[in-house]
1. Return yes when A28 is modelled with pLDDT under 95 and assigned by TED's automatic domain parsing to the domain that holds F187 and no when it is not.
2. Take R56 and tell me if it is surrounded by 15 or more Cβ atoms within 10 Å (Cβ to Cβ) and among the basic types (K, R).
3. Go through the range 97-111 and report how many residues are open to solvent by 10 Å² or more (accessible area, probe 1.4 Å) and in contact (Cβ under 8 Å) with a residue 60 or more places away in the chain.
4. Output the residues belonging to the range 136-153 that are surrounded by 15 or more Cβ atoms within 10 Å (Cβ to Cβ) and farther than 23 Å from A345 by Cα.
5. May I ask you to verify whether R55 is free of Cβ contacts under 8 Å to residues at least 12 places away in the same chain and closer than 20 Å to D226 by Cα?
6. So which residues in the range 376-387 are exposed (fewer than 13 other Cβ atoms within 10 Å of the Cβ) and of a type in the set (D, E), if there are any at all?
7. Taking the residues in the range 185-212 that are within 26 Å of D242 (Cβ to Cβ), open to solvent by less than 10 Å² (accessible area, probe 1.4 Å) and assigned to a loop (DSSP other than H, G, I, E, B) as candidates, determine which candidate is nearest to the ligand (Cβ to nearest atom).
8. Any residue in the range 365-373 that is surrounded by fewer than 18 Cβ atoms within 10 Å (Cβ to Cβ), within 22 Å of the chain's Cα centre (by Cα) and modelled with pLDDT of 95 or more?
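The values are calculated or read from the model by the stated rules, or taken from the named source; none is laboratory data. Fair warning: this is a prediction, and the values are worked out from it, not measured in the lab. Positions of Cβ are generated from backbone atoms using ideal geometry, with glycine treated the same way; all protein chains shown enter the neighbour counts. The area values use the complete protein model at the heavy-atom level, side chains included, leaving out ligands, DNA and RNA. Shrake-Rupley method; radii C 1.70, N 1.55, O 1.52, S 1.80 Å.
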Amino acid sequence: MKKETRLVEAGRKKQWTGGVVNPPVYHASTVVFDTVADMREAVRNRARSHMYYGRRGTPTHFALQDAMCELEGGVGCALYPSGLAAVTGAMLSFLESGDHLLMVDGAYEPTRTLCDGYLKNMGVETTYYDPLIGSGISELIRDNTRMVFVESPCSLTMEVQDVPAIAKAAHDKGAIVLMDNTWGTPFNFKPFEHGVDVSIQAATKYIVGHSDAMLGTATANEKCWDQLREMSLQLGYCAAPDDVYLGLRGLRTMGLRLEQHEENALKVADWLASRPEVDHVRHPALESCPGHEFFKRDFLGSCGLFSFVMTDNYKESQLTPMLDNMELFKMGFSWGGYESLILPAHGLDKNRTAVKWQAKGPLVRLHIGLENADDLIEDLEKGFARIDN
Ligand SMILES: *Cc1c(COP(=O)(O)O)cnc(C)c1O
C-alpha cells in the first residue's frame, strides 16, 4: 500500500468504527460487566485493546493507536494528553535513578528543561551531544547509559541527524533509542526502519493539524512496548476522547496538507535564500542545512517548518518592526496548523552546550501554512522593508 492510501485506511477496523466511516467518540470512565466471566476476560485482555476501564482506552483510542502503529511501524502506541507528556511519559518509562542519558543538543526546549530539572533531581545524569555526531556517539556511551534521545531535525536550528548510525552505536552498547519524530511525522519519516525503539509525536502539530487540540503519542517496537505501556499507565497518562477523535480526523488529510505545506515552504525558503538580509536558510531539503545529506537519504518528504539565519548586520532587537503586526504571519509557540507563524529564536547561545551556537545574526523560525506562497512572500518582503527603514 502506498503511504497516501495507508493514511486513509489506517486504524479503520469495523471493530472500532461499528461500520460507519469514523469511530464514534466514547465518553467513558467506567466499563460495566454483567458477569464475573466477562470481567475476568476484560482483565486478562486489558493490555490488548479490550474495553476494561476508561483510562486504558475505548475503541476511539484503539483506532488511533492502531493507525499510528500501521503508519509508524511499531507494535503498540501509548496516548498522552500533550506532546510534552509523551516525551516525559516515554522517558520516565525507561529511566531510573543512577542512569545516564544522552540528549541531542538541539532538543525541543521543554525536553531540555525536563533533563535539567526533574530528571536531574531524580538522579538521572544527562550529557548533551552534537546533533551531527553520528557514530561518534559511541565514545560518549558509558556502562550506565540507558537511553540515547534523538530529535531530527532539531528544534529551531534544524540539524538533521544520522539516526541509523546513532541507533547502531547505541544498540551495540545496550542503550535504547527514543526519537522525537514530530517534524518527520508518521508520513515522512519511518522511525523503526532507522533503528529507533520508541517514536514520539506531538500529535498537536500536523496530526491534529488545525491548532485546536493537544495530543501526544509514543509508538514502540516489540522490545520496548510492554514497558512503555505499563509504565505510562502507572503514571496515569491517558488522552481525552474528543482530542483523540480530532487526531484521527486530522490524520486523514495530513498527507495532502503536508504536500502543500512542503511546496509552499520550499518556495518561501528559496526566496529567502536570495535575500540580502539572509545569511543562510535552514530547511532540511536545502543544501545550506546541516545534515542535509541525511534528510535526502532517510526522509520521504518535508513539511512547513524551517528557520533562517540573518546576516550579522542585524540584531534580535532590530526585528521588532518586522515582527509587529505582520499581516499573515502571527507569532506563536506551536506549529503544524493550517496557518503561518513566525518566531524569533531567543537564547540559543545559552540553550546549546555541546556545540557553541556560532551564528552572529538572529535566527527566525517560520511555519509555512496553507495560504498562497506568493502572499506569504509579500508579507515577509514588507516585513524586511520595515527593518531596513
Ligand atoms: C510542540 C512540540 C512538542 C510538545 O508538544 P505539545 O503538544 O505542545 O506538548 C514536542 N516536541 C516537539 C519537537 C515539538 O515541536
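1. no
2. When the stated conditions are applied, R56 passes them.
3. Residues flagged as open to solvent by 10 Å² or more (accessible area, probe 1.4 Å) and in contact (Cβ under 8 Å) with a residue 60 or more places away in the chain within the range 97-111 amount to 2.
4. Scanning the range 136-153 gives I137, S138, L140, I141, T145, R146, M147, V148.
5. no
6. If the condition is that a residue be exposed (fewer than 13 other Cβ atoms within 10 Å of the Cβ) and of a type in the set (D, E), then E381 is the only one that fits.
7. This residue is A203.
8. yes
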